[in-house]
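Worksheet: the structure to be examined is printed underneath.
The values are calculated or read from the model by the stated rules, or taken from the named source; none is laboratory data. What you see is a predicted model; the values in this text were computed from it and never measured. We place every Cβ from the backbone using ideal geometry, glycine too, and count neighbours over all the protein chains shown.
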Amino acid sequence: MPGQPVLVHSSPQGGTVHKFQVSGSRRFLGCYLGTCKFCENLEEATEILKSMEPS
């Protein structure tokens, strides 16, 4: 059974990155205002989050 998502990053604008264990591999989910994207690593998820948030 997969583990629960773990919050690994939150931004001042309200974006989040969570870590998941999916099918034996670790995935990251970057989200901002209901728009989310699964990523292969933390760096990719952080960059996706930055691109979704206002500058």
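If I filter the range 34-49 down to residues being touching a strand residue (DSSP E or B) at 6+ places or on another chain (Cβ under 9 Å) and among the β-branched types (Val, Ile, Thr), which single residue comes out as surrounded by the fewest Cβ atoms within 10 Å (Cβ to Cβ)?
Thr46
When the range 17-38 is examined, which residues are found to be without any contact (Cβ under 8 Å) to a residue 24 or more places away in the chain and of a type in the set (A, V, I, L, M)?
Initial filter on the range 17-38 (without any contact (Cβ under 8 Å) to a residue 24 or more places away in the chain): 18-28, 30-38.
Selection gives Val22, Leu33.
Quick grid of which residues meet (1) more than 11 Å from the chain's Cα centre (by Cα); (2) at pLDDT below 95:
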| residue | (1), (2) |
| --- | --- |
| Val8 | no, no |
| Ser25 | yes, yes |
| Leu33 | yes, no |
| Phe38 | no, yes |
| Glu44 | no, no |
| Pro54 | yes, yes |
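Considering the range 9-33 alone, what residues qualify as being of a type in the set (Ser, Thr, Tyr), surrounded by 11 or more Cβ atoms within 10 Å (Cβ to Cβ) and not in a strand (DSSP E or B)? Give the derivation first.
Residues of the range 9-33 of a type in the set (Ser, Thr, Tyr): 10-11, 16, 23, 25, 32.
Right, trim to surrounded by 11 or more Cβ atoms within 10 Å (Cβ to Cβ) and you get 10-11, 16, 32.
Result: Ser11, single match.
For every residue, the table says whether it meets (1) small (Gly, Ala, Ser); (2) in contact with a Gly (Cβ under 8 Å, 6 or more places away or on another chain).
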site: Gln4; (1), (2): no, no
site: Leu7; (1), (2): no, no
site: Thr16; (1), (2): no, yes
site: Lys19; (1), (2): no, no
site: Gly30; (1), (2): yes, yes
site: Cys39; (1), (2): no, yes
site: Ala45; (1), (2): yes, yes
site: Ile48; (1), (2): no, yes
site: Glu53; (1), (2): no, yes
